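Comments concern the structure below.
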Amino acid sequence: MKKLVLLIVLSILLMSGCRFSLNDDKSTQATSNANKILAMADNDMYDALMARFMDADLNALNQKQLTVATLINFESEMMCGGLCQFFTNDYPGYAQYVSNALKEIGATEMEAHYTTFITQNGIDVTQMDSFRIMGIFDYLEQYERFPYEAFDNTFSEIYHNENLSDMLLAYVRLYANEILD
């Protein structure tokens, strides 16, 4: 599913003119691409960030890029299935960076909610192997382990005041040189 979404996003980006000339030098390409992304409408800009950071190699990212990658993955999973889905799909290891990433963009209420949940439930976000699933029945067992529904409901309420997409776009605009280069 993620590959299909990425393919669609990449197609849109190519049709919108976000491409490079192979004859340009690398820094000019990065600046040009960053300027094109920053000039996009919010929805297009978010899609471009998804295409760039959704399956990023965590070891290849600087701290600001890690914040963006973490929150794109977190928000995507939260909007599609909630925290249980985020935890069961967190093979790259983003869960351990969510609290810091939320703080970094100023989502303090959301950060407190996430941190409280993992603390109260004794979840070690650096060791997520117990959340791995093989099928729907495994997922249902995972869903019963913790009060995910309560978390997700409160997340939705907080989201009205701390819209992660809007906050993330503002963060990217503020630190574009460090994030998009």
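Computed from the C-beta positions of D129 and A41 and an R0 of 45 Å, the FRET efficiency is 0.65 to the nearest 0.05. Basic side chains Lys and Arg get +1 at the Cβ, acidic Asp and Glu get -1 at the Cβ, and with that the dipole of segment 33-181 about its Cα centre reaches some 360 debye. On the basis of the beta-carbon distance and an R0 of 22 Å, L174 and L61 show a calculated FRET efficiency of 0.80. Give the separation of the Cα centroids, segment 85-158 to segment 36-73, in Å. The distance from the Cα centre of segment 85-158 to that of segment 36-73 comes to 20 Å. Here the extension length gained between N100 and S156 equals 18.2 nm, from 0.36 nm per residue of separation less the Cα-Cα distance. For the pair Y91 and T116 in one chain, pulling the backbone fully straight at 0.36 nm per residue adds 6.8 nm over the alpha carbon distance.
Values quoted throughout were computed directly from the atomic coordinates according to the rules given, and no laboratory measurement underlies them. Worth saying up front: this structure is predicted, and the values here are computed from it rather than measured. Cβ coordinates were reconstructed from backbone atoms using ideal geometry, including for glycine residues, and neighbour counts include every protein chain displayed.
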